[in-house]
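I have placed the structure first, in the form of structure tokens, so that the comments after it can refer back to it.
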């Protein structure tokens, strides 16, 4: 089913005056119009993107979209004096492309996410119109004409509409044409146009993050908005076999014909994980913090190393998002102990087990692990730094 995204960027933002319209102002994530186009092009199921711009904004638009050469992005067209007129201009321009569905999106909502887009598109399988919305949670008051005499308004059943608003293409184009012909030119959004034309409109979950940049305060907030500070680390460790009857792997005792040689309990998986965590926050490595020259670590359980690495991650204001470990050996078999290991890792890291990946592989009898001389492990860790608010 051919789907077009129509992005409205023709307004000049009377409530946020400035040297250029708000949709072209530089933010931490690029301009609002540029970001809106990026999200739509990246969303599954979008075949065309049409942007509607204001008179005199062609240069600003070209600069904002200079890095986008996607053939699905059509040349911009000029909008009208109101949002409703601009939407009609955009729909008329798309008519030649014969889309079956259209998403109409305000460029001033640059924080829209693919999951919201997907929910709107999914709802169009069951009706001609669907919009994202969030329930009203604040108490509502209605003032009299003089601005006083506030009275409470019941908020139950009230929702705040967002964009993109999705429609079957032919019905919404017909609705916009009919509204314009009837002089209905002050409808607040495309859902209102659909309602006026008798089209049923369904609601899907929007998001508080999908806010509209309207005031100077909104723009200031967006300018300070930073992408998540995501960091990753890698770890690798090897231990040779020695005489024994078990090995420690991921904090679990596994019976085996041999043990592993090491200053501590030689848990090769936890050692690799410790280095991955330390690497994610740039805090040295296991050899620096727990040197084998220190008698304190003689025979020590390796969960102590992981616990310390977790402490250091948190000290640097970071949160562990997930870890992934691969154990490399011909024997012992890891499968029977995998879930016990995942649970133990989740406990040590204080995260959900679903955030713990654990795999095992062999080297097809090649190399030292193939000759059953020892075990190797690789680990990765992803953390997100969440700075504490400044007092």
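Each reported figure results from applying straightforward, stated rules to the coordinates on display, with no laboratory input. Predicted model only: the values in this text are computed from it and were never measured. Cβ placement follows ideal geometry from the backbone for every residue including glycine, while neighbour counts extend to all protein chains displayed.
Bridges between two residues of the chain, per DSSP, are antiparallel at a rate of about 60%. Taking Cα atoms only, the orientation of helix 114-123 departs from the longest principal axis of the chain by about 60 degrees. Based on Cα contacts under 8 Å between residues 6+ apart, the chain shows a relative contact order of 14 percent.
Spacing of the modelled spin labels on residue 215 and residue 229, each 7 Å from Cα toward Cβ, amounts to 2.9 nm. Here mean projected area of the Cα convex hull in nm² was calculated from the structure, and among [x] 23.2; [y] 27.6; [z] 30.2 it sits at label [y]. Per-residue Cβ neighbour counts within 10 Å put 167, 111, 305, 236 in the sequence 236, 111, 305, 167, beginning with the fewest.
Could you work out the relative contact order of region 1-108, using alpha carbon pairs under 8 angstrom and six or more residues apart, expressed as a whole percent? In percent, rounded to a whole number, it is 43.
In terms of surrounding Cβ atoms within a 10 Å radius of their Cβ, 49, 37 rank from fewest to most as 49, 37. Label-to-label distance for residue 62 and residue 298 is 7.6 nm, based on points extended 7 Å past Cα in the beta-carbon direction.
Across region 236-256, the residues whose backbone nitrogen lies under 12 Å from the label position 7 Å along the beta-carbon direction of residue 368 are 237-242. Highest mean packing first, where packing is the average number of other Cβ atoms within 10 Å per residue, the peptides 125-136, 98-109 line up as 98-109, 125-136. Each of the peptides 150-162, 201-213 was scored by the mean count of other Cβ atoms within 10 Å over its residues; in descending order, highest first, they stand as 201-213, 150-162. Antiparallel as a % of all DSSP beta bridges within region 3-224, to the nearest 5? So the antiparallel bridges amount to about 40 percent of the total. Compute the helix-to-body angle for 268-280: its Cα long axis versus the longest principal axis of the chain, expressed 0 to 90° and rounded to tens. Approximately 40 degrees, to the nearest 10. Between the Cα long axis of helix 83-95 and the first principal axis of the chain there is an angle of about 80°, rounded to the nearest 10. Here is how the number arises for the chain: DSSP H runs of 4 or more residues each give -39500 (n - 2.57), the sum is divided by the residue count, and the result at 222 nm is -8500 deg cm²/dmol. Working from label points 7 Å from Cα in the Cα-to-Cβ sense, the residue 180 to residue 1 distance is 2.5 nm.
Each residue in 349, 185, 270 was given a count of other beta-carbon atoms within 10 angstrom of its own, and listing them fewest first yields 185, 349, 270.
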